[in-house]
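A.B. asks: Pasting a structure here, questions to come.
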Amino acid sequence: MSLIKHYVRISGQQPIDSGHPTTYNVCLDGQMLVSNAPADTLLADLYKGHIGDYPKFYKMDPLCKAGFIASELLLNAEGRRREQWGESRGVVLFNAASSLADDRNYQATIDDPETSFPSPSLFVYTLPNVLTGEIAIRNHFYGETNFIVLPTLDSEAMASAIEMTFSDGSLQSLVTGWVDCYSESQYDVLMLIVERDAIGHRDELSDEIKRLAN
Amino acid sequence: MEREMVVKLADNIISPLGVTTEENYRAVKAGRSALRLHEGVPGIPIPFFASLIDENILTVEGDYTKFERMCIQSVSAALANCDIDASSDRVLFIVSTTKANVSLLAGGRYPAVSDLPSAVLPGVVASRIASYFSNHRTPLVVSNACISGVCAQIEALRALEHGLCDYAVVVGADVQSAFIVTGFQALKAVSAEACRPFDRDRKGLNLGEAAATVIYGRTDTADNRWQMMCGAVRNDANHISGPSRTGEGSYLALRSVLQHITPDEIAFISAHGTATLYNDEMESIAVNRAGLANIPVGSLKGSYGHTMGAAGVLETLLSMSAVDDHTVLGTRGFENLGVSRPISVSSENRTTDRHAFIKLISGFGGCNAAAAFKKGGDR
Amino acid sequence: MEELILKLKNEIIEVLNLEDIKPEDIDENAPLFGEGLALDSIDALELIVLMEKNYGIKIKDPNEGKDIFKSVAVMADYISKNRTK
């Protein structure tokens, strides 16, 4: 595991789009942090146990909650001063559902024309890249942030896009990976830290991502 | 060995101002716009000022949503003007969109997530669009808020430079569904009149619909074609919906691009210029920090409104047409400068003898992008 | 007014997702923005929605909100004078 410097895996026992309730495992750099945790309390519990100093967390939509928690676990595991990166660290994330969970919640506030009260705080999260913004804000990362939606978790497409991002000579390191979310209780996360040594090793990176995603 | 260049092979714009890039350019140059007040639209109780595509101009047949029809029609038109086999897996489709088919969620038709049609997933939509052209390579969807259209072009540039594809078909589009319109109304970001980018009396943005396609390929002789030189994306790391008061991300993106182009080559900066109080102010700060206060700046939001995922592509293409026409397009809706730093904005068309421009853009999530384009490369 | 102030505190906690905060933690005379709860521009917009949804008061211009949302007490006073629900 040389190209992926650190990783966090938050995965359910059932596939994310199965519609069945599921419990979650959280794995950090090969160590199981949490196993068989119920979805509805997992993220809040992880927040209280590992973060606790960022009440903005409670305003986030389900996608951002899942991704933000993952990023905190990941960056804590990395253990470096977060402010040191500045422009040299970016955040590029991928998924299949875009901001679907929050889209549905926002849509519910406008569906009934008699009682239409569109919610601004829900609307601002109806863009998946806002998660990359939340991570950048928390950690003062000024580098490239982007969000790419794929038909499915495609490790080759991801590895290609990740490698290509290092075309930007200022970029030393990326917080990257897959953060998918269908609802408050359905999410699937594989978040990684990758650095410039990934350049020229696209296939290897793709294999590592595929292995960790399973 | 000379580094190969990435050049534009073909393009198209579909908007209320026309179904070709040429038609659109002529309309904008003549000061025309389809922006008007829309009232009584189902799902949108408060009237809104927008430029919307009449579905009657969309000719694509089959079971496709308005969004898909816009994309397919625009890509078809662009492909008709170049000689590539779109079905080849050496052709990469990149779609730029903020909300794709989100209107499928309306009306609570699908109570459970598992009921949802796959067409709500943007990656599936992109595959449907690519499949129309018999292309089965995994497409990318760039969903990076309003900067998606420039980001998608940057992804194309990189994919071509890395040899990951031989051609990139980039299409940017969004439909102004009740979802998007009510959302911007809830943020109180919209103006009930024609928007006024950079103006002292600006009151907010207008909304717009368009689909814009650009097809890029690699070459070692630019000849008389448009070259995409470089692009950069940076984050403000400040707020998820408000721009940075110091224009941090926008300035850093400009600074990066200025490593590859000098100010005296630049005909103009096609800015984001949404006509919100904060965006336009922020851009004036970023442009000044980058030392570009004397470069003409313009916004096309007064001609089209904010076209979301289409904006970055639409505004790049019109900028190319403008430079080809030795013109700096006037900013419709602008009269008196209303930002704290001096920038060179005009309501009138100006002339230029320069051959390059910068596209500058910002979006929710604190993201900002800049990209530089030059006509012909062999100088 | 006391009842309205308590109701308002609970509503604010709910619509702004102030998870770890209870009504007794909010000083009704403390500034809501800047210091105190340090609410931001999106929170202000949600408070505008709250005013219309729960009290029938329409605030068209976010700048008006700055004065009305100075503190919970100021909000409650404004509501008691202008509510239509």
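The values are calculated or read from the model by the stated rules, or taken from the named source; none is laboratory data. These numbers were taken from a predicted model, which means no experiment stands behind them. Cβ placement follows ideal geometry from the backbone for every residue including glycine, while neighbour counts extend to all protein chains displayed.
A.B. asks: Take the residues of the stretch A:56-71 that are free of Cβ contacts under 8 Å to residues at least 40 places away in the same chain and buried (at least 16 other Cβ atoms within 10 Å of the Cβ): which is nearest to the other protein chains (Cβ to nearest Cβ)?
C.D. replies: A:Phe57
A.B. asks: Continuing with this model, one more query. Given (1) surrounded by fewer than 22 Cβ atoms within 10 Å (Cβ to Cβ); (2) more than 29 Å from B:Ser127 (Cα to Cα); (3) modelled with pLDDT of 95 or more, where does B:Tyr25 come up short, assuming only one miss?
C.D. replies: Exception for B:Tyr25: condition (1).
A.B. asks: Find the residue count for the stretch B:66-81, including only residues that are under 21 Å from the mean Cα position of the chain (by Cα) and part of a loop (DSSP other than H, G, I, E, B). Please lay out each step first, then the result.
C.D. replies: Here is the first cut: in the stretch B:66-81, the residues under 21 Å from the mean Cα position of the chain (by Cα) are B:66-79, B:81.
Subset that is part of a loop (DSSP other than H, G, I, E, B): B:81.
Total satisfying the criteria: 1.
A.B. asks: In the stretch B:258-270, what residues are crowded, with 22+ Cβ neighbours inside 10 Å and either within 12 Å of another protein chain (Cβ to nearest Cβ) or in contact with a helix residue (DSSP H, G or I) (Cβ under 7 Å, 6 or more places away or on another chain) (or both)?
C.D. replies: Of the residues in the stretch B:258-270, the ones crowded, with 22+ Cβ neighbours inside 10 Å are B:266-270.
If the condition is that a residue be crowded, with 22+ Cβ neighbours inside 10 Å and either within 12 Å of another protein chain (Cβ to nearest Cβ) or in contact with a helix residue (DSSP H, G or I) (Cβ under 7 Å, 6 or more places away or on another chain) (or both), then B:Ala267, B:Ile269, B:Ser270 are the ones that fit.
A.B. asks: Next question. Hey, does the stretch A:8-21 have a residue that's surrounded by fewer than 21 Cβ atoms within 10 Å (Cβ to Cβ), within 13 Å of the chain's Cα centre (by Cα) and touching a residue at least 60 places away in the same chain (Cβ under 8 Å)?
C.D. replies: yes
A.B. asks: Counting only residues that are assigned to a strand (DSSP E or B) and touching a residue at least 24 places away in the same chain (Cβ under 8 Å), which one in the stretch A:25-36 is farthest from the other protein chains (Cβ to nearest Cβ)? Let's see the steps before the verdict.
C.D. replies: At the first step, the residues of the stretch A:25-36 found to be assigned to a strand (DSSP E or B) are A:25-28, A:31-36.
Restricting the remaining residues to those that are touching a residue at least 24 places away in the same chain (Cβ under 8 Å) gives A:26, A:28, A:33.
Numbers: A:Val26: 21, A:Leu28: 25, A:Leu33: 22 Å.
Here the residue is A:Leu28.
A.B. asks: Consider the stretch A:93-149. How many of its residues are touching a Lys or Arg at 6+ places or on another chain (Cβ under 7 Å), under 15 Å from A:Phe68 (Cβ atoms) and buried (at least 24 other Cβ atoms within 10 Å of the Cβ)?
C.D. replies: Residues flagged as touching a Lys or Arg at 6+ places or on another chain (Cβ under 7 Å), under 15 Å from A:Phe68 (Cβ atoms) and buried (at least 24 other Cβ atoms within 10 Å of the Cβ) within the stretch A:93-149 amount to 1.
A.B. asks: Find the strands (runs of 3 or more DSSP E) located wholly in the stretch B:1-60 whose residues include 1 or more that are more than 22 Å from B:Gln176 (Cα to Cα) and either within 14 Å of chain A (Cβ to nearest Cβ) or touching a strand residue (DSSP E or B) at 6+ places or on another chain (Cβ under 8 Å) (or both), and list them. Break it down stepwise before answering.
C.D. replies: Values: elements: B:5-14, B:36-38, B:48-51.
Where strands (runs of 3 or more DSSP E) fall fully within the stretch B:1-60 and carry at least 1 residues being more than 22 Å from B:Gln176 (Cα to Cα) and either within 14 Å of chain A (Cβ to nearest Cβ) or touching a strand residue (DSSP E or B) at 6+ places or on another chain (Cβ under 8 Å) (or both), they are B:5-14.
A.B. asks: Can you pull out every residue in the stretch B:216-255 that is within 24 Å of A:Asn139 (Cβ to Cβ), part of a loop (DSSP other than H, G, I, E, B) and not small (Gly, Ala, Ser)? Give the derivation first.
C.D. replies: At the first step, the residues of the stretch B:216-255 found to be within 24 Å of A:Asn139 (Cβ to Cβ) are B:231-255.
Next cut, part of a loop (DSSP other than H, G, I, E, B) only: B:236-247.
Correct list: B:Asp236, B:Asn238, B:His239, B:Ile240, B:Pro243, B:Arg245, B:Thr246.
A.B. asks: Okay, moving on. Among (1) under 16 Å from the mean Cα position of the chain (by Cα); (2) under 30 Å from B:Leu105 (Cα atoms), there is one condition A:Leu73 misses while meeting the rest; what is its number?
C.D. replies: It fails just one condition, (2).
A.B. asks: Out of everything in the stretch B:275-291 that is touching a residue at least 60 places away in the same chain (Cβ under 8 Å) and either in the same structural domain as B:Leu205 (by TED's automatic domain parsing) or in a loop (DSSP other than H, G, I, E, B) (or both), what residue ends up being surrounded by the most Cβ atoms within 10 Å (Cβ to Cβ)?
C.D. replies: Among those that are touching a residue at least 60 places away in the same chain (Cβ under 8 Å) and either in the same structural domain as B:Leu205 (by TED's automatic domain parsing) or in a loop (DSSP other than H, G, I, E, B) (or both), it is B:Ala275.
A.B. asks: State the number of residues belonging to the stretch B:337-379 that are at pLDDT 95 or above, outside any strand (DSSP E or B) and touching a strand residue (DSSP E or B) at 6+ places or on another chain (Cβ under 6 Å). Steps first, please.
C.D. replies: Filtering the stretch B:337-379 for residues at pLDDT 95 or above gives B:337-375.
Then drop every residue that is not outside any strand (DSSP E or B), which leaves B:338-343, B:345-349, B:352-355, B:364-366.
Imposing the further condition that a residue be touching a strand residue (DSSP E or B) at 6+ places or on another chain (Cβ under 6 Å) reduces the set to B:338, B:343, B:345, B:349, B:352, B:354-355, B:366.
Within the stretch B:337-379, residues that are at pLDDT 95 or above, outside any strand (DSSP E or B) and touching a strand residue (DSSP E or B) at 6+ places or on another chain (Cβ under 6 Å) number 8.
The rows are residues; the columns are (1) touching a residue at least 40 places away in the same chain (Cβ under 8 Å); (2) within 14 Å of chain A (Cβ to nearest Cβ); (3) out of contact with any Ser or Thr (no Cβ under 7 Å at 6 or more places or on another chain); (4) acidic (Asp, Glu).
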{"residue": "B:Ala189", "(1), (2), (3), (4)": "yes, yes, no, no"}
{"residue": "B:Asp199", "(1), (2), (3), (4)": "yes, no, yes, yes"}
{"residue": "B:Leu207", "(1), (2), (3), (4)": "yes, yes, yes, no"}
{"residue": "B:Arg218", "(1), (2), (3), (4)": "yes, no, yes, no"}
{"residue": "B:Asn224", "(1), (2), (3), (4)": "yes, no, yes, no"}
{"residue": "B:Gln227", "(1), (2), (3), (4)": "yes, no, yes, no"}
{"residue": "B:His239", "(1), (2), (3), (4)": "yes, yes, yes, no"}
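A.B. asks: To continue, here is another question. Can you find a residue that is of a type in the set (A, V, I, L, M, F, W, C), farther than 30 Å from B:Glu23 by Cβ, more than 14 Å from chain A (Cβ to nearest Cβ) and more than 19 Å from the chain's Cα centre (by Cα) anywhere in the stretch B:271-278? Before the answer, list the steps.
C.D. replies: Step one: list which residues in the stretch B:271-278 are of a type in the set (A, V, I, L, M, F, W, C), which gives B:271, B:275, B:277.
Remaining after also requiring farther than 30 Å from B:Glu23 by Cβ: B:277.
This time we only want the ones that are more than 14 Å from chain A (Cβ to nearest Cβ), so: B:277.
Restricting the remaining residues to those that are more than 19 Å from the chain's Cα centre (by Cα) gives B:277.
Checking the stretch B:271-278: at least one residue is of a type in the set (A, V, I, L, M, F, W, C), farther than 30 Å from B:Glu23 by Cβ, more than 14 Å from chain A (Cβ to nearest Cβ) and more than 19 Å from the chain's Cα centre (by Cα).
A.B. asks: Can you list the helices (runs of 4 or more DSSP H) found entirely within chain C that contain at least 2 residues being under 23 Å from B:Ile240 (Cα atoms)?
C.D. replies: Working: elements: C:2-15, C:41-55, C:62-68, C:72-82.
Per the criteria, C:2-15, C:41-55, C:62-68.
A.B. asks: Quick check, is A:Leu205 more than 18 Å from A:Val91 (Cα to Cα), at pLDDT 95 or above and of a type in the set (A, V, I, L, M, F, W, C)?
C.D. replies: Values: more than 18 Å from A:Val91 (Cα to Cα): no; at pLDDT 95 or above: yes; of a type in the set (A, V, I, L, M, F, W, C): yes.
When the stated conditions are applied, A:Leu205 does not pass them.
A.B. asks: A further question follows. I'm trying to understand the selection: among the residues of the stretch A:172-197, which are of a type in the set (Gly, Ala, Ser), within 13 Å of chain B (Cβ to nearest Cβ) and not in a loop (DSSP other than H, G, I, E, B)?
C.D. replies: A:Ser183 - this is the single residue of the stretch A:172-197 that is of a type in the set (Gly, Ala, Ser), within 13 Å of chain B (Cβ to nearest Cβ) and not in a loop (DSSP other than H, G, I, E, B).
A.B. asks: Go over the candidates B:Ser118, B:Ser96, B:Ser114 one by one and state the one that is of a type in the set (S, T, N, Q), in contact with a Gly (Cβ under 8 Å, 6 or more places away or on another chain) and surrounded by fewer than 24 Cβ atoms within 10 Å (Cβ to Cβ).
C.D. replies: Details: B:Ser118 fails: in contact with a Gly (Cβ under 8 Å, 6 or more places away or on another chain); B:Ser96 fails: surrounded by fewer than 24 Cβ atoms within 10 Å (Cβ to Cβ).
Result: B:Ser114 is the single residue among B:Ser118, B:Ser96, B:Ser114 that is of a type in the set (S, T, N, Q), in contact with a Gly (Cβ under 8 Å, 6 or more places away or on another chain) and surrounded by fewer than 24 Cβ atoms within 10 Å (Cβ to Cβ).
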